[in-house]
Amino acid sequence: MPESSALSRLDREGPATAADLARRDRITPQSMGTTLAALAARGLVEGRPDDRDGRRTVLSLTPAGREILRSRRTAR
């Protein structure tokens, strides 16, 4: 469930930080970090340094992440 929520939020709302996603899903940043690490390991999300604050990482969907969402929506 947290993985699906994170993927859907990134798709609907665009790139975000882990802290932003955790806040929106009302879970701890540590839990979101674990979720995002699993998604990144599967190649579904990728991070890049924030243009305004290089200490933060902005996450976005990869093409594979978009494909997973599309196939899940089609299956419904």
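The values are calculated or read from the model by the stated rules, or taken from the named source; none is laboratory data. These numbers come from a predicted model, not from an experiment. Note that we place each Cβ from the backbone using ideal geometry, even for glycine, and neighbour counts take in every protein chain shown. Accessible surface is based on the protein model in full, side chains and every heavy atom, while ligands, DNA and RNA are left aside. Shrake-Rupley method; radii C 1.70, N 1.55, O 1.52, S 1.80 Å.
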Being among the basic types (K, R) and either free of Cβ contacts under 8 Å to residues at least 40 places away in the same chain or open to solvent by less than 100 Å² (accessible area, probe 1.4 Å) (or both) is the filter here; which residues of region 64-76 pass it?
R70, R72, R73, R76
Apart from one, (1) hydrophobic (A, V, I, L, M, F, W, C); (2) touching a strand residue (DSSP E or B) at 6+ places or on another chain (Cβ under 7 Å); (3) part of a loop (DSSP other than H, G, I, E, B) all hold for L59; the odd one out is (3)
Which residues, taken from region 12-43, are open to solvent by 40 Å² or more (accessible area, probe 1.4 Å) and closer than 13 Å to S60 by Cβ?
R12, E13, P15, A40
Within region 44-63, how many residues turn out to be surrounded by 13 or more Cβ atoms within 10 Å (Cβ to Cβ) and free of Cβ contacts under 8 Å to residues at least 24 places away in the same chain?
3
Give me the pairs, please: first residue somewhere in region 27-43 and modelled with pLDDT of 95 or more, second residue anywhere and surrounded by 15 or more Cβ atoms within 10 Å (Cβ to Cβ) and part of a loop (DSSP other than H, G, I, E, B), beta-carbon distance under 7 Å, and either six or more positions apart or on two chains.
G43/T62
Output the number of residues of region 1-10 satisfying the condition of being open to solvent by 60 Å² or more (accessible area, probe 1.4 Å) and closer than 20 Å to T62 by Cβ.
1
Report the residue count in region 1-12 for those that are farther than 19 Å from E67 by Cβ and part of a helix (DSSP H, G or I).
1
Note on region 23-33: residues over 10 Å from the mean Cα position of the chain (by Cα) and under 22 Å from D53 (Cα atoms) are R23, R24, T28, P29, Q30
